[in-house]
Amino acid sequence: MTDNKWTRANRLTRISHHRIHEYVVDETLHPARGFFDELLPGSEHLAHLKAGDSYWSLRTTKTTGLDSNAVSFAYFASRQEAEEAARITPIGTEVAETAGSYPRFKEIGADEVERLISVDMPDGIFMGIYEAFEGAGVAGADCQISRKVHDRLGAEHIDWMKETYGNNWNLAAILEYCLNHFPASLLATLGARAIFLMVCSDRSFSEGYLFRQFEAIFHGSEGLAQAADSTRKKAGEGGGRHSNAKRQERLEALMTEIEKLSGIVGQMSEERILAQAWDNLKRARPDTPATPSIRFKYEVDLRSLDAFAARYRAVFAEGA
């Protein structure tokens with residue numbers, strides 16, 4: 001078939017992130033021994049693991065277009081094996097999109113056809129939501145509510161939530177806290193609303209809309225679009241070209257400061273690394289922007305623009 005705009009894939013997919021994490025068999029909140037036998041076909045190389053043993057997961061994120069992510073996991077008996085697997089597909093590797101291999105509709109029936117073509121929840125979005133909860137200080141990595149949320153709601157109110165929402169009471173607690181303490185567009189608030197509607201109600205339309213909002217902001221496409229719109233509006237103003245050149249110069253300077261801090265990435269969060277990079281840049285360049293909203297747009301550019309995205313991801317992949 002001739003390769004043209006009608007027959008080729010319209011979105012490019014790249015490996016955007018690797019993260020290696022250590023787990024302990026049968027430890028609280030970690031998978032039990034049966035996980036490997038029942039849920040991981042082909043994991044015979046982990047059959048020797050017993051309670052208390054460590055193993056490592058390699059979480060690989062593939063980004064399609066601006067903000068469509070897919071996450072896959074592989075499991076290894078040693079960190080060295082996981083690191084070697086990550087080296088095989090380094091950050092920036094392009095992944096070919098090919099036609100699928102689907103069964104004949106008659107063979108699977110109408111109900112299965114409907115399920116087959118339904119749009120699944122974007123892979124990794126729940127991890128993004130849990131990361132937003134942790135970043136906002138409302139829950140830990142295990143999605144259990146933080147002490148400040150517990151203290152704010154009080155034991156009596158939490159007992160009511162447990163009675164009303166059962167095992168999902170913590171989602172209700174996070175949602176109530178976020179609605180009363182954070183802006184509506186905050187990632188933690190959007191994520192709390194979306195996941196609550198998915199688990200505790202049947203408002204699928206509202207749920208899908210909120211997940212889409214969360215994904216666009218979390219992966220930077222909304223910030224990038226806003227920045228692009230702002231740039232277009234300024235294009236006709238005097239000094240527009242000079243302003244754009246100066247912005248590119250600042251982006252390069254900020255990226256350089258971030259790269260200088262790559263050696264301590266594993267010891268500090270991404271937010272603290274960025275804050276330190278801004279502080280260092282401010283000392284070197286007095287004209288460095290100080291407004292949080294402007295700094296946020298610069299950070300979005302570093303994550304999204306082709307000139308900087310691979311360098312940015314490479315820095316934080318080192319500490320993953």
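No value in this document is a laboratory result; all are computed from the given coordinates. Just so it is clear, the model here is predicted, and its values are computed rather than measured. Cβ: placed from backbone, ideal geometry, glycine included. Neighbour counts: every protein chain shown.
Here are some notes:
- Gain upon complete extension [E271, V113; 0.36 nm per residue less C-alpha separation]: 52.5 nm
- Cα gyration tensor of region 234-318 - equivalent ellipsoid semi-axes, whole Å, descending: 24, 14, 10
- Table column - 3J(HN,Hα) (Hz), region 70-82, Karplus curve with 6.51, -1.76, 1.60, x for Gly and Pro: 10, 10, 10, 10, 9, 10, 9, 7, 9, 5, 4, 5, 5
- Distance between modelled label sites at C200 and T89, nm, 7 Å Cα→Cβ extension: 3.6 nm
- Label point of Q144 set 7 angstrom out along Cα-Cβ; within region 172-203, amide nitrogens under 17 Å from it belong to 172-174.
- Listed peptides 174-184, 188-198 by packing density, highest first (mean Cβ within 10 Å): 188-198, 174-184
- In range of the label at K246: residues from region 274-305 whose backbone nitrogen is under 11 Å from the point 7 Å along Cα→Cβ: 287-289
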